[in-house]
Amino acid sequence: MLRRNFGAVLAMGAALLASGTASAQQRDLTIVSWGGAYQDAQREVFFRPFQQQSGTRLLEETWDGGVGVLRAKIQSGANNWDLVQVESEELLLGCEEGLFERMDFAAIGGEQRFIPSAVSECGVGNILYSFVLAYDRGRMSTAPTSWADFFDTQRFPGKRGLRRGPKTTLEIALLADGVAPGEVYKLLATDAGVDRAFRKLDSIRNDLVWWERGSQPAQWLASGEVVMTDAYNGRITAANQNDGRNFGIAWRNNLFTLDSWVIMKGSPNRAQATAYLNFWAQPQVAAALPPRIPYGTTIRGADALLPANVLENLPTAPQNAEGALQIDDRFWLDNLDKLNQRFNNWVSR
Amino acid sequence: MAPLLIFLLVVFVLPIGTFLARAVQESDVPPVLPRTIAALSGWDGAAAPGEPAFAALVEDLREARRRDQEAGGGSIGRASARLNNDWPGFRSLLPATARRIASPFQGEARAAVLAAAPEWGEVAPWAAISRAGGPLSDFHLLAVLDLKRDAAGHIAAAPPDQSIFRAVLWRTMWISLCATVLALAIGYPLAWLIATAPSRFAPWLLAGVLLPFWTSLIVRTAAWMVLLQREGVVNATLQSLRLADGPLPLLFNRGAVLLAMVHILLPFMVLPIYANLKGMDWRLPRAAMSLGASPLRTFWRISLPLSLPGIGAGSLLVFIQALGFYVTPALLGGANDQMLSYFVGFYATRTVNWSMAAALSCLLLAAVAIVVALYARLVGFEKTRPA
Amino acid sequence: MTASRISLWVFGILALAFLLAPVLVILPLSFSAGSFLYYPLPGLSLRWYQDFLTSDFWLPALWNSLRLGAATAILAGGLGTLAAFGLWSARFPGRQAVMAVLMAPMVVPAIVVAVPLLLAFGPLGLTNSFWGLLLAHTVLGAPFVVVTVLAALAQFDAVQLRAAAACGASPTRAFLRVCLPQIAPGVAAGAVFAFATSLDEVVVVLFLAGPAQRTLPRQMFSGMSDSISLTVMAAAMVMVVLSCLLLLAVTLLRRGQKA
């Protein structure tokens, strides 16, 4: 008797407090991007205008990659993401494993709306970008120009930043070891090539610091935490534009790739996600991003709307693209998990 | 009492129990390769098995791949992650094989599979599958101790490039121990001072311990982050006083983690010792003094032994909490300052390896349980009381 | 005063400074007119509080924290009080085991609560929901209520209940009219502990909450793992003020109990 009454009072109190979240099951469209200056720019030119125009409420989340995160989301039955920006090998892996919905191009204006490399089974290309060697001009008397300089701790003493993970790190190690861009993946496909890359990394192991979030390289350069680092090209230019930094970029042998939007399997907000993609895929909307952060767009006709001083900072500009290594998604599709494990064990020792 | 007990059994004991059971369950491979496991049941393990096993493998993989793509189950991924722990190479071997044999082919399954991936000609991958056939195994529990079973089933050390967990366990213990010792060294004199201070000051001194005790852990971690970062308070002060030429790397290392942990855990040391000293019979040390014992000798022979229960309670309380720290090392530590908790979270959310997460949780819980048992033996639970 | 006494005072004051200074040093930064995290301040302003109040993230997070804390306090307070009363009034075999279960959430590392609940709640639709967080925080907060209420009951004279029964009161009525009023300060203090536990908790929220359920500590956690800004310091200030209020509440309740 007492317990029942007491329980009823408790339940009422809790229900009163929870009333604001009564519709928790019907969650809002959740978009997941990569944080920092990039997501700030997206918020300004895409997210906010989309919310105003469509009246859809949109929640933001930030991540820093890893197909395991997506696997865990789907397989734990606790997925709370709808539209996610993924890297190219995550796109292939996740599509293969059924983590994403098929991309319905008819619903977002047809394939011809996008450049060919942006079209795939489960995703639509979002931005074109490069991993570049970045440094602070203010702190360096001589500018590093290549990945070989990155590993040269005699001429350029100090800590260096690299992205935590085997992808990009192993390529950079081999490029620095004198391997031509065309040979990198042939070599990495062999055990000897992987050993060679790790040996190269071992040579500067104590000078390496590992970043995980895209906002960290620019912060670390600014604070002098590192003298040079690999970084997303856009964040470096954005730091120069927005925070008055004087960072330099060595484009030589940059690692070129693209990210894509995917819709998570079973998302209850597919219609809203499609509406967002439709909004973003308008050339005049998409063209608003590069002036704020220089990542190439995948929308046909958007580049024509950009002035020359923006175009020259994009990874697609001819002088930047020369000698670039296109990251091989197929290689990473087959080898990411294996090399991830080896890398994680190597780094946490 | 019953409602809370039932509530805890349902929301606490049951989920954790089910989760920990995953450490000994083989739940990843059998659903994906049921026919293959059946075909391997009579296999002698001397050479790669015959055509029936290959045919079963093809059939299993085709079906699993179709299921995955329809439902997003990721079962092949999970099975290959499990097998990869046993035989490195499976992580890509299984999905790649599934991809390549998905379309129909003519002739023998064996030839087609070997053309897709020659590794299937070896014994090792088949042995790994048969070991993961379940339903129960000690594989994950051994793995978190850096052990594995060799082909003959004997327990042996895991290869060095896969052995990280013993190091993580010792690291967890070592950080917790250091934090406990430091907290004791700082906390005991402080507790002594509060217990013996004139009653005008004592409440204020006690408030000085209680206030940080009530301040959120995340706020205190943030405080250390702001103090220690490169362009933070400490570095700016050192440079303005010309004590350092450039900013010192104070953050993302073991020292930063320990400093913040001692800071956060110190009240848990001070309060039990204080309570103990407060209840101590102070006539005893005074009697010793009046009988001519030196202050040092009095402390060593009388006061310290009398305050041992407080020291024990405080130390064990601090040690138990330190073992489970997650947020502070994650925010203030570097890659090799992460403790067991971090790896539990890592295996659960960054790779879908719940069995490993469960086995590591068992390890963590076992460590905690040992300390709690010690606590119960030495102190008893009736004295557990939040300040 | 002897030399050893003086050195004890010096050491003690230093230790207290170590305990108090870090938080006290960083809080004034939140009133900075500039944007960097060290002294001297370029000027005073409330711009970071303005940022806190106007951003899309912080105010909802504060509201989530308060609501979750209050609901936890009610639920854990109720369940914990009943449990403590049961433990106190009945001696039965297995009491030790029951006590161990009730106290276990205090010692089990947060991660070993968070990950199993993630897997258990996922299929039930309790992740990304207020209810899931409420259940989890009630688990973590209830032991504190049990301990506090048991302490209050230790000062309660059981003879009164028998007297009430002799006068014809049902056990329920006796509990509500005789026992509860006397242990009310203890119950309230326990509820405050549960509130504080929920307010402080970040690991379970990290694993179970969706973006719509982010609490203040969770939001601070993401603020700190990205670029730490002075808005995080403003949030820290809000948290410290909340903690002080809770500490004050408990102190007053304790006093009420003793009087």
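The values are calculated or read from the model by the stated rules, or taken from the named source; none is laboratory data. Just so it is clear, the model here is predicted, and its values are computed rather than measured. Note: ideal-geometry Cβ built from the backbone for every residue, glycine included; neighbour counts use all protein chains shown.
Of the helices (runs of 4 or more DSSP H) entirely within the stretch B:48-139, those holding at least 2 residues that are modelled with pLDDT of 90 or more and more than 27 Å from B:Ala158 (Cα to Cα) occupy B:51-71, B:109-116. Every listed requirement among (1) surrounded by fewer than 23 Cβ atoms within 10 Å (Cβ to Cβ); (2) more than 12 Å from chain A (Cβ to nearest Cβ); (3) not hydrophobic (A, V, I, L, M, F, W, C) is met by C:Ser229 save one, (2).
Quick check on the stretch A:113-137: of everything there that is assigned to a helix (DSSP H, G or I) and in contact with a Phe, Trp or Tyr (Cβ under 9 Å, 6 or more places away or on another chain), which residue is surrounded by the fewest Cβ atoms within 10 Å (Cβ to Cβ)? Write out each step before concluding.
Filtering the stretch A:113-137 down to residues assigned to a helix (DSSP H, G or I) leaves A:113, A:116-118, A:137.
Filter once more, so that each one left must be in contact with a Phe, Trp or Tyr (Cβ under 9 Å, 6 or more places away or on another chain): A:113, A:137.
Working: A:Arg113: 20, A:Arg137: 12.
Out of the qualifying residues, it is A:Arg137.
Of all residues in the stretch C:202-217, those that are facing chain A (nearest Cβ under 9 Å) have Cβ atoms under 8 Å from Cβ atoms of residues that are among the basic types (Lys, Arg), 6 or more apart or on another chain, in C:Ala209/C:Arg218; C:Gly210/A:Arg27; C:Ala212/A:Arg27. When you check B:Val262 against the structure, is it touching a Cys at 6+ places or on another chain (Cβ under 9 Å) and not charged (D, E, K, R), yes or no? Yes, satisfied.
Of the residues making up the stretch C:109-127, just one is outside any helix (DSSP H, G or I) and facing chain B (nearest Cβ under 7 Å), namely C:Pro109. The set of residues in the stretch B:140-161 being assigned to a helix (DSSP H, G or I) and in contact with a strand residue (DSSP E or B) (Cβ under 8 Å, 6 or more places away or on another chain) consists of B:Leu142 alone. Among the residues of the stretch C:4-41, those that are surrounded by 16 or more Cβ atoms within 10 Å (Cβ to Cβ) and outside any helix (DSSP H, G or I) comprise C:Ser32, C:Leu37, C:Tyr38.
Remark: B:Trp43 matches the filter, which requires a residue to be aromatic (Phe, Trp, Tyr) and in a loop (DSSP other than H, G, I, E, B).
For every residue, the table says whether it meets (1) of a type in the set (Gly, Ala, Ser); (2) within 30 Å of C:Leu176 (Cα to Cα).
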| residue | (1), (2) |
| --- | --- |
| C:Arg95 | no, yes |
| C:Ala104 | yes, yes |
| C:Pro109 | no, no |
| C:Leu134 | no, yes |
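Could you tell me whether any residue of the stretch B:314-334 is surrounded by fewer than 24 Cβ atoms within 10 Å (Cβ to Cβ), modelled with pLDDT under 90, facing another protein chain (nearest Cβ under 10 Å) and closer than 24 Å to C:Ala114 by Cβ? Taking every residue of the stretch B:314-334 in turn, at least one turns out to be surrounded by fewer than 24 Cβ atoms within 10 Å (Cβ to Cβ), modelled with pLDDT under 90, facing another protein chain (nearest Cβ under 10 Å) and closer than 24 Å to C:Ala114 by Cβ.
Restricting attention to the stretch C:126-163, the residues being closer than 30 Å to C:Ala209 by Cα and of a type in the set (Gly, Ala, Ser) number 5. A:Arg330 meets the conditions (1) crowded, with 21+ Cβ neighbours inside 10 Å; (2) within 14 Å of chain B (Cβ to nearest Cβ); (3) closer than 30 Å to A:Ala107 by Cβ in every case but one. The failed one is (1).
Cβ separations smaller than 9 Å between residues 6+ apart or across chains give the following pairs from the stretch A:307-325 residues that are of a type in the set (D, E, K, R) to residues that are in a helix (DSSP H, G or I): A:Glu312/A:Gln319; A:Glu312/A:Asn320.
Checking each residue in the stretch B:1-27 for being assigned to a loop (DSSP other than H, G, I, E, B), out of contact with any Gly (no Cβ under 9 Å at 6 or more places or on another chain) and within 14 Å of chain C (Cβ to nearest Cβ) picks out B:Arg22, B:Ala23.
The requirement of being touching a residue at least 24 places away in the same chain (Cβ under 8 Å), of a type outside the set (D, E, K, R) and in contact with a Lys or Arg (Cβ under 8 Å, 6 or more places away or on another chain) is not satisfied by B:Pro135.
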